[in-house]
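Have a look at the structure below before the remarks.
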Amino acid sequence: MLAYKVKVALIKKVIIFLGNIMESDQNSPGKNIVIPLFPLPTTVFYPNTSLPLHIFEPRYRNMVADALNGKGEIGMILLKPGWESDYEGTPEIMTIGCLGKIKHHSELSEGKYNILLSGLYRFRILNEIKGKIYRQAQVELLKEINDKNLTSEPSPIKDQLIRIMRLYLKNLPEGTKIEQALDIKNCQNLAEFVDKLTHHFELPVNKMQEFLEQQDVQQRANSLYSLIEFKNQLIQISKNMKGREIDFSMN
C-alpha cells in the first residue's frame, strides 16, 4: 500500500511538472504568437518591470476585456514620430516592443479599466493581423543574448553599475526610495538587473527604445554604464560651477 501511494504521488508530481513546462513553453523566447498591440507615443516598457495604465478609449477597453478573457497578455509598442496625424487609425509603430501580462486590474464606470502590466519578453513584429477594432500582430519573442545568472556567476559590470548608480542617486531627493524600489539584490540575472536600472533612469524616449531593441545584455549594460557616468560628470561640473565666484569686472 505504501509503495502504491508513493507511485501515485510521483505520478502527480510528474504531471504537474510537465504541465508547467508546457505552459511556460507556450510563450518562451523564439516562439511566434499573436498578441494585441497597445501603441503609445511616449511609453517604452521593459521585461521585469511594472507599468500602470488607465484604459479609456473604446478600442482599448475592448482589448483589455479580450485579454482578461484569455491569457491576459498585451504588447506595448512605441508609436513612430508623426503619429498625431493618424492616431485614430493605424499610425506607424516600431517593430520591437515588450509583451506584458495583466497582474492586477479594476473595472471602472463606462467599461474603463485601471491595469498593472508585468513585463515578460521583448518581441519583434512579424506582421499585423486584422479582425479586431484594436491592432494585433504575429510576433516573435526575442531571446536575451549574453545574459548571466547572477546567483551563480560573478558579474563585474553589475558591481560597476551598482556603484555608479548609487553615486547618481545621492544627488536625487528621492534617491533612497528609488534604490529600494529597484530591489537589485533580488535580481536573478543580468538582463533583469539592467532592465530595472534602465527603467528607473531618466532617458529620452528614443534612447529608451534603443535599449529595448538591444538584445545583447552585455552591450545594454555597457551603454547604461556610459550614460550614468556621463550624467554624473555633468552633475559634478554643475556643482563646481556653482562653487566658483565669477568676477565680472574682468570682462
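Annotations for the structure displayed:
- Stokes-Einstein diffusion for segment 125-251, with the hydrodynamic radius set to the Kirkwood value over Cα pairs and evaluated at 37 °C in a medium of 0.692 mPa s, equals 190 µm²/s.
- Distance from the alpha carbon centroid of segment 169-185 to that of segment 93-114 works out to 27 angstrom.
- Order by protection proxy (mean Cβ within 10 Å, highest first), peptides 231-241, 58-68, 165-175: 58-68, 165-175, 231-241
- Rolling a 1.4 Å probe over the protein heavy atoms of the chain, with every protein chain left in place, gives an accessible area that is 54 percent carbon and sulfur.
- About its Cα centre, the chain has a charge dipole of approximately 880 debye under the convention of +1 per Lys or Arg Cβ and -1 per Asp or Glu Cβ, with nothing else charged.
- Counting charges near Lys170 (Lys, Arg +1; Asp, Glu -1) among other residues having Cβ under 15 Å from its Cβ returns a value of +2.
- For the chain, the direction-averaged projected area of the alpha-carbon convex hull comes to 21.6 nm².
The values are calculated or read from the model by the stated rules, or taken from the named source; none is laboratory data. Since the model is a prediction, treat every value here as computed from it, not as a measurement. Virtual Cβ from ideal backbone geometry, glycine too; neighbours counted across all protein chains shown. Surface accessibility is based on the protein's heavy atoms, side chains included, excluding ligands, DNA and RNA. Shrake-Rupley method; radii C 1.70, N 1.55, O 1.52, S 1.80 Å.
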